[in-house]
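Engineer: Got a structure for you, questions after.
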Amino acid sequence: MATVYVSFGSNLGDRASHISDAIALTSEFITWQFITPLLETKPYGKIDQPTFLNAVGKGYTNLTPEELLKALLDVEEKLGRKRDGRWGPRTIDLDILTYDDLVLHSEVLTVPHPDLHNRDFLLKLLCEYFPEWYHPTFKKNACDLLDDLTTRMPATFENDNLRRVLAALGNPHERVKTIYVTGSSGKGSVAAMIAALFNNDVGLFLSPFVCAPSEMVKIDGQELDLSVFKQKVLSVAEDLNVELTPFELLTGSAYLAFEQAKKEWAVVETGIESEQDATNVKKHDITVVTALGMDHRDLFPDYEFYVDQLIKSLSGPVISLSPLPGMDAAVVTMVKYHVEKYKVTLDGTEALVDGIGNIHTRMLGLHQIWNALLAGEAYTVATGKAPEFSLLRGVALPARIQVVRKDPLLIVDGGHNAPAFESLVKTINDLGVSPVRIILGLVKGKDPEVALSYLKRLSSQILYYPPFSDRALAELPGIPTLPDLYPTLNEPVPTLVAGSFYLAGPVLRYFNACHWS
């Protein structure tokens, strides 16, 4: 018999009775070992609907995964489930979370549930009641996945508690020189390129992750297990009776790991462009500012305030892509350098730069050449040496205009603001392969009008699919919402997926493309 974990949810009518009836009906083909108490939760995705009751059950079945799916759908139909769109209200919702340790992607079923790692209410139930459960893909238990979920991005503009904890640990962050990378677009690419120019002999902190949390912290180019460092930071926090946000815990643990590894330099990508971000518990030795454009509209009232907060976060010599309002950068790369010619193919980008020579990157787009020049300037300021740009040939971060499939073409990009969309449109045009279809997803704080104003230059066929996040915009007025993502991606139609790392990540995992081939 197979061990299965199934979720129950209801937000219409007598919710508890609907779940009770579902348990009774599913008992005909699942022998239940334990079903959690009901947990009331806010709606996920589409928020303008009643709250849910949820539960998770562990049981055993002789049915195959496909047979189990059909049986659960039959129960939903018997209990009056109407499918009126993704994330809509429902009398009952039954999902297969895991089936033994099976990993399955078919036209009708994906196991484990493709959005499970983003649903905190399910992870909370699994963490509390099923400590033996683990995710077959991520190889983590629910408690660890819940921790990972809350460390993708900072949730607050506070870092005083983290300063206190790090002070009690002896200020490890002050014993590591740091290159701070901020800006609206291109931060991750620039940070990874700087690390590569150091031959990866640095600590590297990226935010957020795309496919897996282990992407966020590396030493010597290797992903790092932070569990021991997190325990040290948490222990001190408890002694001081202070509470750290998950992102503060992650950041503090990373600084501690870099110091204990005796790294002279660490490259740190900001979470939010503010001096109160957890990454800014110290004054940085060098700052790099990438392309600028309005971002985080849910946090910053307007562009002027956004830029003001970003400028206040800068320290040390500043290297910027373009001139900064109200301050003089030590180096402005778009002023210093001139790109004579460049070529973008599905395999990378090559450019001839005055005074430098040829630069080749695996990532696509002229903007990646400018990112390489930013990284080179940071390396020179840090070391006094000229950069070896050949070291950048292998740098490739997921969901940065990534070619997942060449025939039919599938490109996945996580950029979500004006400079990112501008670079995306230019790169697609440089490739000369306008996608027939665009699948767009956005989370709150991103500007749909900006996204559409750029993407409509590439295609008139734009579909919407909400990203796998509780911050997802459920729909876009005037844009058709796609009912099923993965079957659509398997159609023989050239496609661009754009707008959010929270959409890009699941797509890359589905195609086993988190690492560029």
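What follows draws every value from the coordinates through simple rules; no lab data is involved. Bear in mind that the values here come from a model prediction, so they are computed numbers and not experimental data. With ideal geometry, Cβ positions are generated from the backbone for all residues, glycine too; neighbour counts draw on all protein chains shown.
Engineer: Can you pull the one-decimal nm distance between simple spin-label points at L299 and S390, each 7 Å off the Cα toward Cβ?
Structural biologist: 4.0 nm
Engineer: For segment 29-35, what does the Karplus curve 6.51 cos²θ - 1.76 cosθ + 1.60, with θ = phi - 60°, yield as ³J(HN,Hα) per residue in whole Hz, taken in order and with x for Gly and Pro?
Structural biologist: 10, 10, 8, 7, 8, 7, 10
Engineer: With loop defined by DSSP as not H, G, I, E or B, and exposure as at most 10 other Cβ atoms within 10 Å, which is the longest segment of the chain clear of exposed GluC sites (Glu not before Pro)?
Structural biologist: The reported range is 244-517.
Engineer: Once you list every other residue whose beta carbon is under 14 Å from the beta carbon of E422, what net charge do they have if Lys and Arg are +1 and Asp and Glu are -1?
Structural biologist: In short, -1.
Engineer: What FRET efficiency would be calculated for the residue pair A261, D101, taking the C-beta separation as r and a Förster radius of 35 Å, to the nearest 0.05?
Structural biologist: With a Förster radius of 35 Å, E is 0.55.
Engineer: Okay, moving on. Return the whole-Å distance between the Cα centroid of segment 87-143 and the Cα centroid of segment 376-394.
Structural biologist: Centre-to-centre distance over Cα atoms comes out at 43 Å.
Engineer: Can you work out the Karplus-derived ³J(HN,Hα) for every residue in segment 64-81? Use 6.51 cos²θ - 1.76 cosθ + 1.60 with θ = phi - 60°, whole Hz, and x for glycine or proline.
Structural biologist: Per residue, the Karplus-derived 3J(HN,Hα) values read 6, x, 5, 5, 5, 4, 4, 5, 5, 5, 5, 5, 4, 5, 4, 9, x, 5 Hz.
Engineer: Follow-up. For segment 2-149, what are the per-bin percents of Cα-Cα distances with bins 10 Å wide, up to the bin holding the maximum?
Structural biologist: So the P(r) values, bin by bin, are 11, 44, 39, 6.
Engineer: Let me ask something else. What does the charge count around V6 come to, taking other residues whose C-beta lies under 11 Å from its C-beta (Lys +1, Arg +1, Asp -1, Glu -1)?
Structural biologist: Spelling it out: positives minus negatives among the neighbours equals -1.
Engineer: Another question, if that's okay. Counting only residues 5 or more places away or on other chains, whose amide H sits under 5 Å from the amide H of L442 once H atoms are built in the peptide plane?
Structural biologist: Those qualifying (amide H under 5 Å, at least 5 residues apart or on another chain) are L473.
Engineer: Provide the per-residue ³J(HN,Hα) series for segment 280-293, in order, calculated from phi with Karplus coefficients 6.51, -1.76, 1.60 and θ = phi - 60°, each as a whole number of Hz, with x at glycine and proline positions.
Structural biologist: 9, 6, 9, 7, 7, 7, 9, 10, 10, 10, 8, 4, 10, x
Engineer: What does the C-alpha gyration tensor say about the overall shape of segment 231-306? Classify as rounded when a/c is under 1.5, otherwise prolate if a/b is larger than b/c, or oblate.
Structural biologist: oblate
Engineer: If you don't mind, another one. Assuming a ≥ b ≥ c are the square roots of the Cα gyration tensor eigenvalues, decide whether segment 435-500 counts as rounded (a/c under 1.5), prolate (otherwise, with a/b larger than b/c) or oblate.
Structural biologist: Taking the square roots of the gyration eigenvalues as a ≥ b ≥ c, segment 435-500 is oblate.
Engineer: Please tell me the relative contact order of segment 323-393 in percent, rounded to the nearest whole number, where contacts are Cα pairs under 8 Å and at least six residues apart.
Structural biologist: 22 percent
Engineer: In terms of Cα to Cα distance under 20 Å, which lysines are near enough to K70, apart from those fewer than 8 places away along the same chain?
Structural biologist: K58, K78, K82
Engineer: Further question: Any chance you could check the Cα centroid distance between segment 196-224 and segment 319-338 for me, in angstrom?
Structural biologist: One Cα centre to the other: 27 Å.
Engineer: Listed here are the pairs K336/K385; K218/K336; K124/K187; which of them are more than 20 Å apart at the Cα?
Structural biologist: Exceeds cut-off: K218/K336; K124/K187.
Engineer: Please report the spacing between the Cα centers of segment 1-60 and segment 292-306 in Å, no decimals.
Structural biologist: Answer, in whole Å: 40.
Engineer: Here is a further query. Can you list the aspartates and glutamates whose alpha carbon sits under 18 Å from that of K140, skipping same-chain ones fewer than 8 residues off?
Structural biologist: D100, D101, D115, D120, E128, E132, D148, E215, E223, D225
Engineer: If the convex hull of the alpha-carbon atoms of the chain is projected onto planes in all directions, what is the mean projected area in square nanometres?
Structural biologist: 23.7 nm²
Engineer: A further question follows. Calculate the spin-label point distance for M327 paired with K42, positioning each point 7 Å from the Cα along the beta-carbon direction, and give it in nanometres.
Structural biologist: 3.3 nm
Engineer: Starting from the Cα of N199, step 7 Å along the direction of its Cβ; do the same at S434; then give the gap between the two resulting points in nm.
Structural biologist: 4.8 nm
Engineer: Could I ask something else about it? How much net charge surrounds L69 when only the other residues with a Cβ under 11 Å from the Cβ of L69 are counted, with Lys and Arg +1 and Asp and Glu -1?
Structural biologist: -4
Engineer: Which entries in K230/K262; K282/K426; K406/K444; K230/K446; K42/K456 show an alpha-carbon gap greater than 29 Å?
Structural biologist: Table pairs above 29 Å Cα-Cα are K282/K426; K406/K444; K230/K446; K42/K456.
Engineer: Would you mind checking which residues have amide H under 5 Å from F8's amide H? H placed 1.01 Å from N; only 5 or more apart, or other chain.
Structural biologist: For F8, whose amide H was placed from the backbone, the distant partners under 5 Å are A55, V56, G57.
Engineer: With the contact rule set at Cα under 8 Å and sequence spacing of 6 or more, what percent relative contact order holds for the chain?
Structural biologist: 12 percent
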